[in-house]
Amino acid sequence: MLPLGTVAPDFRLPDTRGQMVSLADYSAAPALVVIFMCNHCPYVKHLSAGLAQFGRDYLARGVAVVGINANDAATHPADSPERMKAEVVASGYTFPYLHDASQAVAKAYRAACTPDFFLFDAARKLIYRGQFDDSRPGNGIPVTGRDLRAALDATLAARPVPASQKASIGCNIKWQAGNEPEYF
């Protein structure tokens, strides 16, 4: 896992409209949430409405939220940039959904699965990396975003982030052949 206190790795990636989005675009935001996600993963699909609501709630408060899809679209065409456009509309995402074709950004963040959540404070230091909440496909627990929301609310209120940080669970990132990161 990316160690707490790590400065947010830089990125400059295209969104679903072909516009380049970079870390520097969010320099004034009080916090940054980076979500590694994709279109086909059942864990992401399970959370999609909750992710959309989370984006609406926190973008309105000035928080920067970005989704990044690093899956190999050649082996998983459901995660292609074209399908990402349709996913934004279908799920109602209001945050930028970026495509990491080289997978370099996912490696820099040490992302392991979809979804995988990273919260950075105003100084862009990592203060939370973990799950959205305890809900999983089929477990009957409602999707609330409780864990990530608690960390972000604490950050925005200048309070310490809860020490309990459960790792996110989901589908592994679909790495390009020969491009698997060394941290596995």
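What lysines does K125 reach when the alpha-carbon gap must be under 21 Å and sequence neighbours fewer than 8 apart in one chain are set aside? In chain and number order, the partners are K107, K166.
Hull volume per residue, based on the alpha-carbon atoms of the chain and their convex hull, is 110 Å³.
3J(HN,Hα) along region 47-52: 8, 3, 5, x, 5, 4 Hz, from the Karplus curve 6.51 cos²θ - 1.76 cosθ + 1.60 with θ = phi - 60°, whole Hz, x for Gly and Pro.
At most 16 other Cβ atoms within 10 Å plus a DSSP loop assignment makes a site exposed; report the longest stretch of the chain without any exposed trypsin sites (Lys or Arg not before Pro). The longest such stretch corresponds to 62-165. Taken one residue at a time, the phi angles of region 120-136 give Karplus couplings (6.51, -1.76, 1.60, θ = phi - 60°) of 10, 7, 4, 7, 6, 9, 5, 10, 8, 9, x, 7, 6, 6, 7, 6, 9 Hz. Gly and Pro are set to x.
The P(r) of region 44-130 has a tail past 22 Å containing 26 percent of all C-alpha pairs. Among beta bridges identified by DSSP and lying wholly in the chain, the antiparallel ones come to about 65 percent.
Which three semi-axes in whole Å describe the equivalent ellipsoid of region 134-173, each the square root of 5 times a Cα gyration tensor eigenvalue, listed largest first?
Details: eigenvalues 108, 31, 13 Å².
Largest first, region 134-173 gives 23, 12, 8 Å.
Taking 4.7 Å between beta carbons as the limit, the unpaired Cys residues of the chain are C38, C113.
FYI, it's all coordinate maths here, none of it is from the lab. Just so we're clear, the structure is a prediction, and the values are computed from it rather than from any experiment. So basically every Cβ, Gly included, is an ideal-geometry build from the backbone, and we count neighbours across all protein chains shown.
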